[in-house]
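Here is the structure we will look at, set down as C-alpha cells.
Any read-out appearing in this document is the output of simple, stated calculations on the displayed coordinates, not a laboratory observation. Please read these numbers as outputs of a predicted model, since none were measured by experiment. Neighbour counts are summed over all protein chains in view; Cβ atoms, including those assigned to glycine, are modelled from backbone coordinates with ideal geometry.
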Amino acid sequence: MTVPPTIVAPSILAADFSRLAEEVRAVEDAADWLHVDVMDNHFVPNLTIGLPVVQSLRAVTAMPFDVHLMIEDPRRWAPGYADAGAYNVTFHAEASDDPVALAKDLRSAGAKAGLAIDRDTPIEPYLDLLPSFDTLLIMTIKAGFGGQRFIPQLLDKVRTARRHVSTGHLELRIEVDGGIAADTIEQAAAAGADAFVAGTAVYGAADPAEAVRRLRSLAERAAPGA
Ligand code: DX5
Ligand code: ZN
C-alpha cells in the first residue's frame with residue numbers, strides 16, 4: 001500500500017487570535033497546510049471565524065489554506081473561500097444534500113474539494129462519491145471544539161477509506177482531525193491517514209514549529225510501508 005507524503009496542518013483554532021499573523025508565521029516553514037476551522041453556531045454550537053479572516057490571512061502568508069467548514073448551507077458559502085484563495089475547501093457530508101455538485105463548484109472555482117465525516121456518520125454511504133473529491137476529512141472527535149480527546153475507534157473509518165482508495169486507485173488525501181498529538185498520531189498514520197490536523201498539540205507547545213516537525217516524523221515512521 002503506498003501512501004502520499006505526510007501533510008501536517010496546524011489548526012489556528014488553538015492559536016492566539018490577537019496575534020494571528022505571527023502565529024501563522026511561527027509554523028510557516030515547518031508545516032504544509034494551515035487548517036482554518038469555520039464554525040457558524042448552527043451546524044455546531046461553537047462560533048469561530050469566517051471569510052474576512054481568511055481574506056486577511058491570505059495576504060500575510062503563502063501557506064496553502066485548508067478550510068474546514070463546520071457550517072450549514074455550505075453550497076451558499078463554500079465557493080467564497082475558494083475565491084478567497086483557499087487551497088482546499090472541506091464541507092460536512094451531514095450539511096449537504098448534494099455533495100458532488102458542491103465538489104464540482106469548488107473545483108471549478110479553483111480549489112480542491114474536501115468531504116468531512118463527523119463522529120456519528122458512517123463512511124460507507126459516501127465511498128462511491130469519493131472520485132469527486134480531493135480530500136476526505138475523517139473526524140477523530142465530534143466536530144465543534146478544539147482540545148477534545150481523540151477517539152481511536154473512529155480510525156476504523158480511516159482503514160475503510162484507505163482500503164477503498166488503494167483498491168480504486170483514487171487520488172485522495174485522507175485527513176484526520178481532532179485530538180491528534182504525539183501520543184495519537186502514530187495510530188492514525190498506521191490506519192492509513194496521510195494528512196494530520198493538530199491544534200492544541202501545535203499551538204499549546206512552547207515551540208510550535210518543533211511540535212510540527214515531531215508530529216511529522218512520528219507519522220512518517222508509522223505510515224504503512226514506511
Ligand atoms: C474541531 C476542529 C479541529 C480542532 C482540532 O471541530 O475541526 O480542527 O481545531 O483541535 P485539537 O487538535 O486541539 O483537537
Ligand atoms: Zn478542523
| Across the stretch 169-197, what is the number of residues that are in a helix (DSSP H, G or I), away from ligand 2 (no atom under 16 Å from the Cβ) and of a type outside the set (D, E, K, R)? | 4
| said: I'm checking my understanding of the structure. Among residues of the stretch 17-66 that are β-branched (Val, Ile, Thr) and more than 11 Å from ligand 1 (Cβ to nearest atom), which one is surrounded by the most Cβ atoms within 10 Å (Cβ to Cβ)? | reply: VAL27
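Let's see how each residue does on (1) in contact (Cβ under 8 Å) with a residue 40 or more places away in the chain; (2) touching an Asp or Glu at 6+ places or on another chain (Cβ under 9 Å):
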{"residue": "ARG149", "(1), (2)": "no, no"}
{"residue": "LEU154", "(1), (2)": "no, no"}
{"residue": "ARG159", "(1), (2)": "no, no"}
{"residue": "HIS164", "(1), (2)": "no, no"}
{"residue": "GLU171", "(1), (2)": "no, yes"}
{"residue": "ILE180", "(1), (2)": "yes, no"}
{"residue": "ASP183", "(1), (2)": "no, no"}
{"residue": "ALA219", "(1), (2)": "yes, yes"}
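This table checks each residue for (1) more than 16 Å from the chain's Cα centre (by Cα); (2) within 25 Å of THR61 (Cα to Cα); (3) surrounded by fewer than 15 Cβ atoms within 10 Å (Cβ to Cβ).
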site: TYR87; (1), (2), (3): no, yes, no
site: ASP98; (1), (2), (3): yes, no, yes
site: LYS104; (1), (2), (3): yes, no, yes
site: LEU127; (1), (2), (3): yes, no, no
site: THR135; (1), (2), (3): no, yes, no
site: GLN148; (1), (2), (3): no, no, no
site: THR160; (1), (2), (3): yes, no, no
site: ARG163; (1), (2), (3): yes, no, yes
site: ALA181; (1), (2), (3): no, yes, no
| field | Residue tally, condition more than 13 Å from ligand 2 (Cβ to nearest atom) and in a loop (DSSP other than H, G, I, E, B), over the stretch 16-57 | value | 12
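Step by step: first the residues of the stretch 82-113, then only those that are assigned to a strand (DSSP E or B) and either more than 16 Å from ligand 2 (Cβ to nearest atom) or touching a helix residue (DSSP H, G or I) at 6+ places or on another chain (Cβ under 8 Å) (or both), then the one that is farthest from GLN153 (Cα to Cα). Which residue is that?
Out of the qualifying residues, it is LYS112.
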| field | the stretch 195-226, subset crowded, with 23+ Cβ neighbours inside 10 Å and touching a Ser or Thr at 6+ places or on another chain (Cβ under 8 Å), residue nearest to GLY147 (Cα to Cα) | value | GLY199
| said: Condition first: polar (S, T, N, Q), within 18 Å of MET139 (Cα to Cα) and within 14 Å of ligand 2 (Cβ to nearest atom). Can you find one or more residues in the stretch 198-208 that meet it? | reply: yes
